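Report on one structure; see the data block that follows.
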Amino acid sequence: MAKKRVIKTNYFGELEIDEEYIFKFKDGMLGFEDLHDYILISEESTAPFKWLISVDEPEIGFPLLSPWHIDVYYDPGINYDLEKQVLFVVITLEDENGEMSANMKAPVIFNIEKQTGEQIILPSDKYTTNCVIAKKQKTIKE
């Protein structure tokens with residue numbers, strides 16, 4: 001029988017999680033290297049976004065999106081197995097300019113078979129950490 005953990009998230013409320021669904025990030029996420037256990041949440045109301053939530057600090061979460069939703073020609077230039085791995089990029093919902101952006105330079109790779117995750121930094125300068133995907137709409141007052 002799978003061990004369960006209960007976490008309280010800001011957006012999704014209280015969640016009961018089977019240990020087998022927790023992704024282990026050996027090195028954490030960039031800026032959050034001390035957090036190693038995460039869950040991946042798919043919520044119909046926010047599709048196509050997914051949410052990566054820290055199990056140990058559930059107030060820490062990252063919106064994720066497939067990089068191919070942003071750039072159909074996205075090529076990270078790394079070897080990965082599409083049968084076993086899934087690739088996402090971290091989204092900033094609103095940066096200092098009020099824009100939505102994606103970190104195309106540091107994708108997150110999930111290994112579905114091993115339940116592991118890793119955020120890598122691509123060696124190429126082809127992609128940026130701040131790819132604007134939605135610009136702030138100007139209001140009449142601005």
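Rule-based calculations on the coordinates, nothing more; no lab input. Please read all numbers here as calculations on a predicted model, not as lab measurements. Reconstructed Cβ throughout: ideal geometry from the backbone, glycine too, with neighbour counts over all protein chains shown.
What to note about this one:
- Values (1) 12.0; (2) 10.6; (3) 8.5 are given for comparison; mean projected area of the Cα convex hull in nm², derived from the coordinates here, is the one labelled (2).
- Note on the chain: GNM, Cα springs under 10 Å; of Glu57, Glu118, Glu16, the largest mean-square fluctuation is that of Glu16.
- Under DSSP loop assignment and at most 15 Cβ neighbours within 10 Å, longest trypsin sites (Lys or Arg not before Pro)-free interval of the chain: 27-83
- Taking 0.36 nm per residue of separation and subtracting the current Cα-Cα distance, fully stretching the chain between Tyr11 and Thr128 would add 39.3 nm.
- Once the chain from Asn97 to Lys114 is taken as fully extended at 0.36 nm per residue, the excess over their C-alpha distance is 2.3 nm.
- Proxy reagent accessibility, fewest Cβ within 10 Å first, across His69, His36: His69, His36
- Cross-link partners of Lys84 among aspartates and glutamates, defined as those whose alpha carbon lies under 15 angstrom from its own and excluding same-chain residues fewer than eight positions apart: Glu113, Glu118.
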